[in-house]
Amino acid sequence: MSAEEPPPGSGTDPGAAYADRFAAESPEMASARHRAHFLSGTPPVEPAVGATLAVLAATAGARSVVSIGSGGGLAALWLLRGMRPDGVLTALDGDPEQLGAARKALAEAKVPASRARLIFGTPGEVIPRLSPGAYDLVCCAGPPRDYSEHLPALLGLVRLGGSLTCHGVLAGGRVADRTARDPQSVAWREIARTVRDDETLLPAVLPIGTGLLVATRRR
């Protein structure tokens, strides 16, 4: 992305615009982002959020990562950029169009089939098939109600020293607005409260993109 191009998702905030421009996307990422804007469902992660996911994956030396909600494959490409060369990404989505777009994004980026598992299904259907405590990073995107009831199981997938991320927590500022009682806002507050109050986790909310909740398992 050049300095002249409008950064996706950054609105009118010059700091956010700079953060998105700073996170250089590959041509394959730009192509995946373009396709994702024509899909319903989970929007793609903003460039600054994607870069943060890559840094988290690299910091953890991530070999095993789970991605909930494909967002056209953008999160997958960013995560794979930060993961170990022998790492395997497991991405799941209950939207066949989104999953198809992710599959195309990985193919265009020439990601070997051995490095990515794309699974059609909801968190409730897929999480029980995954190994507890075996993942370096678990990344959630999309409407929080899609996975909020499975939060304990998602946290259970994370190894000691690994992290959980939830994208979109600050969207519209509704999580901080106590008068916002719609189901998604309530779900965000419940997720944030559960993560913050869990003494086995070290949490933070990063004000990048539409907000990234990060929690690292410390015991």
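The values are calculated or read from the model by the stated rules, or taken from the named source; none is laboratory data. Keep in mind that this is a model prediction, so the values were computed, not measured. Don't worry about glycine lacking a Cβ; one is built from the backbone with ideal geometry, like all the others, and counts go over all protein chains shown. The protein model used for the area step is the full one, side chains on, heavy atoms only, and it has no ligands, DNA or RNA in it. Shrake-Rupley method; radii C 1.70, N 1.55, O 1.52, S 1.80 Å.
Summary of computed values
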{"read-out": "Stretch gain in nm, segment residue 55-residue 131, where the contour uses 0.36 nm per residue and the Cα spacing is subtracted", "value": "25.0 nm"}
{"read-out": "Order by protection proxy (mean Cβ within 10 Å, highest first), peptides 157-164, 138-145, 110-117", "value": "138-145, 157-164, 110-117"}
{"read-out": "Theoretical gain in end-to-end length, residue 177 to residue 104 [0.36 nm per residue, Cα-Cα removed]", "value": "22.4 nm"}
{"read-out": "Net charge contributed by nearby residues that have their C-beta within less than 10 Å of residue 135 (K/R +1, D/E -1)", "value": "+1"}
{"read-out": "Extended-chain gain in nm, criterion 0.36 nm per residue less alpha-carbon gap, residue 114 and residue 86", "value": "9.2 nm"}
{"read-out": "Net dipole in debye of the chain [+1 Lys, Arg Cβ; -1 Asp, Glu Cβ; about Cα centre; nearest 20]", "value": "560 debye"}
{"read-out": "Relative contact order computed over the chain (Cα-Cα under 8 Å; 6+ residues apart), in percent", "value": "17 percent"}
{"read-out": "From the coordinates shown, mean projected area of the Cα convex hull in nm² corresponds to which of (1) 14.9; (2) 11.2; (3) 12.0", "value": "(2)"}
{"read-out": "Net charge over other residues, Cβ less than 11 angstrom from the Cβ of residue 42 (K, R count +1; D, E count -1)", "value": "-4"}
{"read-out": "Charge tally in the Cβ shell below 14 Å around residue 198, where Lys, Arg are +1 and Asp, Glu are -1, residue 198 excluded", "value": "+2"}
{"read-out": "Where the stretch 1-135 is the region considered: accessible area per residue in Å², 1.4 Å probe", "value": "46 Å²"}
{"read-out": "The chain - mean residue ellipticity at 222 nm from DSSP helices (-39,500 (n - 2.57) per run, n ≥ 4, rounded to 500)", "value": "-10500 deg cm²/dmol"}
